[in-house]
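In what follows, a structure is listed as structure tokens, so that the remarks can point back to it.
The values are calculated or read from the model by the stated rules, or taken from the named source; none is laboratory data. As the structure is a computational prediction, the values presented were derived from the model and not from experiment. No Cβ is skipped: glycine too gets one built from the backbone with ideal geometry, and neighbour counts run over all protein chains shown. Just the protein is used for accessible areas: all its heavy atoms, side chains included, with ligands, DNA and RNA removed. Shrake-Rupley method; radii C 1.70, N 1.55, O 1.52, S 1.80 Å.
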Amino acid sequence: MNKYAIPAVSVLVLSVAATAFIWVTSDSRTEAHCQVPCGIYDDPARIQAIREDATTIEKAIAQIRQLSGRHDPNAFNQAARWVTTKEAHATHIIDVVSEYFLTQKVKPATGEGEAYDAYLKSLANHHAVMVAAMKTKQSADSATVDALNKAIDALAPLYKAAADGNEIGKLAAHTPVPEDPAHPHDHGATPDQPAATP
């Protein structure tokens, strides 16, 4: 027997421990929209959510700047927490734009003409929001939030109800998806039970 061989039980224990560590320390939020597609979309709510994220980032930057002049353990702790919060909300904006809007709402156009130009403008607007969100991660300068808000303002008109302020928080299209017994996926919601998000 090789003196460097690892017993199978040790490999199993290490695998279980590593899996448990990853599960416990990973971000377990399930906020990205499903990719079934279920047909249930709420564009205005997504725009509202990223606006709220931007507001939180703005507050985090203000708090970080305020705490930066202090040199006590509580100030360092609070500043670290605000940085973490800022990072999480910027990441959420990037996730919503990439995993909801770009993958589910933006339809490619080919060739030349108005449809293709609109497609390119749409891509540029979505990209600008993601870049602006990324820049808020890299800095505690309030100008980064101003740029993020401007980018969101440019994106919102692509989702008309969000730009008009209409139907915020309501489902733009709520068509129950027939349940497939082989692939259960409960997106239906009753008034007393919210829809599940896979």
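So the values come out like this:
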item: Some residue of the range 30-44 being part of a helix (DSSP H, G or I) and at pLDDT 80 or above; result: yes
item: Residue under evaluation ALA80, criteria (1) closer than 26 Å to SER68 by Cβ; (2) more than 16 Å from the chain's Cα centre (by Cα); (3) open to solvent by less than 30 Å² (accessible area, probe 1.4 Å); (4) small (Gly, Ala, Ser), criterion not met; result: (3)
item: Test: ALA88 is of a type in the set (A, V, I, L, M, F, W, C), modelled with pLDDT of 95 or more, surrounded by fewer than 20 Cβ atoms within 10 Å (Cβ to Cβ) and under 19 Å from ASP153 (Cα atoms); result: no
item: Leading residue by the ranking (least open to solvent (accessible area, probe 1.4 Å)) among those in the range 99-115 that are of a type outside the set (A, V, I, L, M, F, W, C) and farther than 26 Å from ASN149 by Cα; result: GLY113
item: Enumeration of residues in the range 116-139 that are of a type in the set (Ser, Thr, Tyr) and surrounded by 14 or more Cβ atoms within 10 Å (Cβ to Cβ); result: TYR119, SER122, THR136
item: Unique match (being β-branched (Val, Ile, Thr), modelled with pLDDT under 90 and either crowded, with 16+ Cβ neighbours inside 10 Å or assigned to a helix (DSSP H, G or I) (or both)) among ILE94, ILE22; result: ILE22
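Each row is one residue, and each column tells you yes or no for (1) at negative phi; (2) open to solvent by 20 Å² or more (accessible area, probe 1.4 Å); (3) among the hydrophobic types (A, V, I, L, M, F, W, C); (4) not in a helix (DSSP H, G or I).
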| site | (1), (2), (3), (4) |
| --- | --- |
| ILE47 | yes, no, yes, no |
| ASP53 | yes, no, no, no |
| ARG70 | yes, yes, no, yes |
| PHE76 | yes, yes, yes, no |
